[in-house]
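Here the structure is laid out as structure tokens; the discussion comes afterwards.
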Amino acid sequence: PPDLGADLGGDGRTVGVRCPDHALIRALAAATGPLAVTSANRHGGAPFASASALAEGLDGVALVLDGGPCAGEPSTVVAVEGGEVRLLRPGALWPRVQDLE
């Protein structure tokens, strides 16, 4: 959104918001404030399950914070525009998101 006051890339009309279910990332955000970050995978690719796989799979990454291996399903990604919920990627919360429709 134009009034956000930060350049997060993209078209400038939308913003993605995450609430990670990982103690290390929640602690980091609590200590620093909101984090403007992207997913740890290539667009359309499978997510990396470990810090070492990420470091090997992405070029140019200056720092990898290792919080241990990822467990469970990747996150659900939805778009909410004009009161409509549209699924972009199914994941752990998809059954609950369907209840919003």
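Spin-label model, GLU73 to HIS22: label points 7 Å out along the Cα-to-beta-carbon direction sit 1.9 nm apart.
Measuring with a 1.4 angstrom probe and ignoring ligands and nucleic acids, ASP21 comes out at about 140 Å² accessible.
Peptide packing: for 30-40, 73-83, the average count of neighbouring Cβ atoms within 10 Å per residue gives the ranking 73-83, 30-40, highest mean first.
Residues HIS43, HIS22, sorted by accessible area with the largest first, give HIS43, HIS22 [1.4 Å probe; ligands and nucleic acids excluded]. Solvent-accessible surface (1.4 Å probe) assigned to ARG18 amounts to roughly 140 Å².
Taking each residue as 0.36 nm, the span from VAL64 to SER52 lengthens on full extension beyond its C-alpha to C-alpha distance by 3.5 nm. Rolling a 1.4 angstrom probe over the protein heavy atoms with all chains in place gives the stretch 22-101 an accessible area of 77 Å² per residue. Cβ-Cβ distance of GLU84 and ALA29, R₀ of 22 Å, FRET efficiency by 1/(1 + (r/R0)^6): the value works out to about 0.15.
The values are calculated or read from the model by the stated rules, or taken from the named source; none is laboratory data. For clarity, every value in this text was computed on a predicted model and none was experimentally measured. Neighbour counts are summed over all protein chains in view; Cβ atoms, including those assigned to glycine, are modelled from backbone coordinates with ideal geometry. Protein only, heavy atoms only, side chains kept; ligands, DNA and RNA dropped before computing areas. Shrake-Rupley method; radii C 1.70, N 1.55, O 1.52, S 1.80 Å.
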